[in-house]
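Visitor: This structure is in C-alpha cells; I'll ask about it shortly.
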Amino acid sequence: MTTTPATLDILTQIALFEPGCDPSYSPLMENLKYFIQLTYLLPTAILHFRILWILIWKHRSIYLKQSFYVLFLMSCIACFILVVQDILFARVFQYFPQFCEPLSEFVKKHPIFPAIYYPLQQHLHCAQPIIQILLTVNRMSCVLIPWKYSQIWKNSMKYAIFLVIFSPFLFIWNVIISPKVPVFTFGGFYIGYNRVVVWATMTLFMLILRVITIIITGVCTFITVLRLTQMSKRLVSSERTLCIASFLISSCFLGTAAAESLFAFQVVRTSSSISYFLLPISWDILNVGTPIVMVLASSQLRKDVFGIVKRSRSNSRVEEGTIVTGF
C-alpha cells in the first residue's frame, strides 16, 4: 500500500519530516529524558499494582462489593497497562536513539507486535473516558437515589463492564484494519498507522469522546454537588471524598482534550514543536493522577495500600452507599 499524507493519522503526518532514524540526537540526552520520566512512571506502575492487588486479591470481599470500586478497578487496569507499555516500549522506542534502527526493524519484520500493541493502546485510551463517565454517573445516582443505588448498579454492572470492553471498538476499528508502521521523530520512533479509511482519524475520535466525557461529567458533578448540599452531614461526609475524587479525575481529561484538539485542528509544521509533547504529557497526568487522587481521597484505601493500619473486623464494614472514606 502506498503511504500518502492523506492516509496517515495526523500525529503520523506531523512526524513525516523524519524519513528514518535521526542520528543527530544525543543518545545521552535522550536517554536522560527517559530516566527522568521513569522517576514518576515506575512509582505509578508500582502504586497501580499495589491497588490492584488490594482490590482483586487481599480485600476483594470488602471493595468489590461496591460498584464504585469495581469501576475504579477497571480504570486502574487500563492505567496500569498503559504505564507499563510506556515504560517497556513507547518511551524506549522514543528515547533510545542508539537502538532506533534495530528496534524499528523488529517492528517492521514482526507485524504481529504492532498489530497487538497499538490497537490495545488505543482501546485503553478510549476505555478511560467511558469508565470516567460511569464513575460520575455512579456518584450521582448514589446521592439522588440512595435507596435504589446498590440494587441498580448490582443489576447493571455486567452491562457497564460490557460497555467498557466493547464500545472502544466503535472508535478503533480503523486502527485494527490499517497497517501499523514505525513513525520516526526526535531521534526515535513511535508506532502509527496508515489509515485504510481516510476520514476515520483516531485523533478526532478521541477528541470527540473526551469532550463528551467532560460535558457528561460536568453535568453529573453539578447535580451531585447540588444534591449533597441538601443531604444530612453524615451522608455528605461519607460521599464527599469519592465525589471529589471523581471530579478531580474528570478534570485530568481537560488536559488530554486540549492536547488532542491541537492535533485534530492543526498540523504542526515542525517535528521539534512543543505541541508534540503535550499529548503524552497529558496522558501521563491522567495515568499518574488517577491512583494518587483515589489514595488521597479514601483513608481506608490509603491505609490498605500503604499498610498503615492493620484492618480489623470492626472497620471492614461496608455501608449502603460507599466504603467509609475521608482525608
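What follows draws every value from the coordinates through simple rules; no lab data is involved. From a predicted model like this one, the values you see are computed outputs, not experimental measurements. Cβ coordinates were reconstructed from backbone atoms using ideal geometry, including for glycine residues, and neighbour counts include every protein chain displayed.
Visitor: If you go through the stretch 109-143, how many residues are exposed (fewer than 13 other Cβ atoms within 10 Å of the Cβ) and part of a helix (DSSP H, G or I)?
Guide: 3
Visitor: Right, Val183: touching a residue at least 24 places away in the same chain (Cβ under 8 Å) and out of contact with any Lys or Arg (no Cβ under 7 Å at 6 or more places or on another chain) or not?
Guide: Taking the combined requirement at face value, the residue satisfies it.
Visitor: Still on this structure: Sort out which residues of the stretch 110-169 are without any contact (Cβ under 8 Å) to a residue 12 or more places away in the chain and closer than 18 Å to Ala90 by Cβ, and write them in order of number. Explain how you work it out, then say what you get.
Guide: As a first pass, look at the stretch 110-169 and keep what is without any contact (Cβ under 8 Å) to a residue 12 or more places away in the chain: 110, 112-113, 116, 145, 147-148, 151-152, 155-156, 158-159, 162, 166.
Once the filter is applied, which keeps residues that are without any contact (Cβ under 8 Å) to a residue 12 or more places away in the chain and closer than 18 Å to Ala90 by Cβ, the stretch 110-169 yields His110, Ile112, Phe113, Ile116.
Visitor: May I pose another question? Among the residues of the stretch 151-188, write down those that are of a type in the set (Val, Ile, Thr) and assigned to a helix (DSSP H, G or I).
Guide: Ile152, Ile161, Val164, Ile165, Ile172, Val175, Ile176, Ile177
Visitor: Return only the number of the condition from (1) more than 13 Å from Gln122 (Cα to Cα); (2) surrounded by 17 or more Cβ atoms within 10 Å (Cβ to Cβ); (3) hydrophobic (A, V, I, L, M, F, W, C) that Val175 does not satisfy.
Guide: Exception for Val175: condition (1).
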